[in-house]
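First up is the structure itself, then whatever we jot down about it.
Bear in mind that the values in this text are calculations on the coordinates, not laboratory data. This is a predicted model, so every value here is computed, not measured. In this analysis, Cβ positions are derived from the backbone assuming ideal geometry, glycine residues included, and neighbour counts consider all displayed protein chains.
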Amino acid sequence: MEPRDLLRRRRDRPLLTRPGRWGRGPPAGFRVAIARTPDKTADLTGRGVEVRRGDYDDAASLDTALKGVDLLLLVSGSDLTPGVRVVQHRTVLERAVRAGVRHVVYTSGIGAENGQGFSADHAATEEMIGESGLTYTLLRNTFYSEAFVATALAQAKETGEIVSSTEGRPLNTARLRDLALAAGAVLSGSGHDNAIYELRGPLWTYPELAEALARVLRRPVTCREVTDAEAGWLGSLFPMVRAGAFAQTGPDLSRLLGRPATGLEDTITAFAERAGG
């Protein structure tokens, strides 16, 4: 399933796409998905989910796909070129209003209230949603734990050490599945009109990540500080970590899940098992 997908609800039943985020399949009642490439959704159609074609860059396709929709989950677009997502999201919102959608749930991002850097598109989209006349729920997702764990796990297996330029500062991340389940709770629940949820996981540091990796892998793992350039692709995020942009957690994710958010070690364990230990 491609990133430019919509999760939505028609009449009184929620609708789903991106099945990988939901484990064995969609939650009960999720019947319809919109995807840019429906041919790639055989796993969904096999579960009785209706798949309709819809593309953020094809307004006409959205007119057809959104017919009868009452509640729409707008998943932020994947093209990070400045301004592209804003145009795409505006197209979806305009078509949603035209189709008679009542409520939109948007997967926004941490720091959207500031509207700076990577969060600028989220801030602009939140503003458009507020001006659309639709009721809304904003899910300000933190970064995915998997992005950090996958990189660190590969480093630990290869060299016995992980690297960062965080200077030991804490950061909050969340498992992708937890964020998807939180969205599902909003879609299938009530009392979320015009709510903003800061979906943040438990705090952790890179030295703690090394310790957790050592326990899961049953071998020594150390943590070494390097420069941003030496830290690889994650080095572009580490200045924000050092500035404290990810140093706060909150209760919203756990409240929507009805349980504590998944911890770092459990995420590592799942990755290690998938990779064969």
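Ranked for footprinting exposure by Cβ neighbours inside 10 Å, fewest first, THR151, THR64 give THR64, THR151. Fewest neighbouring Cβ atoms within 10 Å first, the residues SER132, SER165, SER145, SER108 line up as SER132, SER165, SER108, SER145.
The alpha carbon centroids of region 142-172 and region 191-232 are separated by 6 Å.
A simple charge model with +1 on the Cβ of Lys and Arg, -1 on the Cβ of Asp and Glu and nothing else charged puts the dipole of the chain at about 1080 debye relative to its Cα centre. Evaluating 6.51 cos²θ - 1.76 cosθ + 1.60 at θ = phi - 60° for every residue in region 58-68, the Karplus couplings come out as 10, 4, 4, 5, 6, 4, 6, 5, 8, 4, x Hz, glycine and proline recorded as x. Between the residues ALA247, ALA174, VAL105, the greatest Cα displacement towards the positive end of the dipole of the chain, with unit charges on the Cβ of Lys, Arg, Asp and Glu, is found for VAL105.
Taking other Cβ within 10 Å of each residue's Cβ, how do TRP204, TRP233 sort, fewest first? Spell out each step's value before the answer.
On the way: TRP204 21, TRP233 8.
With the fewest neighbours first, TRP204, TRP233 line up as TRP233, TRP204.
Region 45-119 and region 241-266 have their alpha-carbon centroids 26 Å apart. Using a Gaussian network model of the chain in which every pair of alpha carbons under 10 angstrom is joined by a spring, one finds that among ARG259, ARG102, ARG169 the greatest mean-square fluctuation is at ARG259.
Taking N as the residue count of the chain, its C-alpha radius of gyration divided by 2.2 N^0.38 Å amounts to 1.04.
An oblate overall shape is assigned to region 152-277, the ratio a/c of its alpha-carbon gyration tensor axes (a ≥ b ≥ c) being 1.5 or greater and a/b not exceeding b/c.
In terms of its C-alpha gyration tensor, region 160-226 has a prolate overall shape, because the principal axis ratio a/c (a ≥ b ≥ c, square roots of the eigenvalues) is not below 1.5 and a/b outweighs b/c. In percent, rounded to a whole number, the relative contact order of region 125-239 is 37, using alpha-carbon pairs under 8 Å and six or more apart.
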